[in-house]
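Beneath this line is the structure, given in structure tokens, with notes to follow.
The values are calculated or read from the model by the stated rules, or taken from the named source; none is laboratory data. For clarity, every value in this text was computed on a predicted model and none was experimentally measured. Heads up, the Cβs are rebuilt from the backbone with ideal geometry, glycines too, and the neighbour counts pull from every protein chain shown.
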Amino acid sequence: MSSPTDPLKLVHSDELVSVGVEISADGFIPVVDVEGLQGPRRPQIVKQIGHACQHYGAFIVKNHGIPETVFNNFLGGATMDFFRWPEREKLKFYTPKPGKFDNTEPRKPIEYFRAYTTGENVSLVRELAYVSCLIGDYANQWPSIPPSFRERVTDFSISAKRVEFALGEAICESLGLERDYIKKKLLSNHEQKVAMNFYPARKQEDSELTCVLRDHTDPTIITILSEQNVHGLQILHDGEWMNVNLSPNHLIVLTGDLLQVSLCYLLIS
């Protein structure tokens, strides 16, 4: 990783300050305050979002408008409620290849997957669930126990969708396009998925193993991430992997492959 005096990092900081962007505590990733996006500060915020997408492919969002109670009810409530569910119930939604559309199999309202270590000592290192939202009547097929699960996921997905639309408009505007370009071309019929990840406590025999995901880009329009007590996200920028440290109730936004291709590679994914 770069040292605090690395000239590369200083260039990043100067570059961000020049367009009025706040810099994260790690001195790397742009932080955009979107509270005034619908007001007189819109041109400045749009410029910041456009700069971040074109040069970083990612930025942190604060004051995004998702109520703190909705945020916490989903991350600390609905997410953990699902992963605490009995094994036999979770396995009803088991999917060998989550996120892969297969016309030969009926679409599941939740795609559940588990990843294990390999070798002599096999142990569970990650549970993943993709919850299909908004398109079709999926909510009635979500678990009804506990009763709050459906309500909490619905509240969060609606709020996240609102943020996605607002950011999509700002990205279009930053490129000189009509505000609703992404909405008309990509978002009108696309499916929203809320992904929930759970990393269980490590067994003592696995304490020296490192749980990592391979380097990748997201095959999405926009990916909106948050984390709760589990850190480790890194972003590749100018050939270096940079740590991303989120503050409570902040989001990180990643531009996806679909958006990059649709906008003729004007953005980084």
Exercise. Tally time: how many residues in the stretch 192-208 are more than 14 Å from the chain's Cα centre (by Cα) and modelled with pLDDT of 70 or more?
Worked result: 4
For this session: Taking only the stretch 225-266 into account, find how many residues are within 17 Å of His64 (Cβ to Cβ), surrounded by 14 or more Cβ atoms within 10 Å (Cβ to Cβ) and modelled with pLDDT of 80 or more.
Result: 11
Seminar exercise, completed: In the stretch 107-161, residues that are modelled with pLDDT under 85, in a helix (DSSP H, G or I) and in contact with a Leu (Cβ under 7 Å, 6 or more places away or on another chain) total 0
For this session: Could you please give the count of residues in the stretch 66-85 that are among the hydroxyl-bearing types (Ser, Thr, Tyr) and either more than 14 Å from Glu127 (Cβ to Cβ) or touching a helix residue (DSSP H, G or I) at 6+ places or on another chain (Cβ under 6 Å) (or both)?
Result: 1
Seminar exercise, completed: Exactly one of Cys211, Cys172 is in contact with a Phe, Trp or Tyr (Cβ under 8 Å, 6 or more places away or on another chain), at pLDDT 85 or above and of a type in the set (A, V, I, L, M, F, W, C), and that one is Cys172
Problem set entry | Single residue of Thr255, Thr217 found to be closer than 15 Å to Ala52 by Cα and among the polar types (S, T, N, Q) | Thr255
For this session: Of all residues in the stretch 1-60, count the ones that are at pLDDT below 50, surrounded by 13 or more Cβ atoms within 10 Å (Cβ to Cβ) and assigned to a loop (DSSP other than H, G, I, E, B).
Result: 3
Exercise. Of all residues in the stretch 150-167 being in contact with a strand residue (DSSP E or B) (Cβ under 8 Å, 6 or more places away or on another chain) and in contact (Cβ under 8 Å) with a residue 60 or more places away in the chain, which is nearest to Ala52 (Cα to Cα)?
Worked result: Leu167
Exercise. Cβ-Cβ below 7 Å, separation at least six or inter-chain, first residue in the stretch 70-94 and free of Cβ contacts under 8 Å to residues at least 40 places away in the same chain, second acidic (Asp, Glu) and surrounded by 13 or more Cβ atoms within 10 Å (Cβ to Cβ): which pairs?
Worked result: Phe93/Glu111
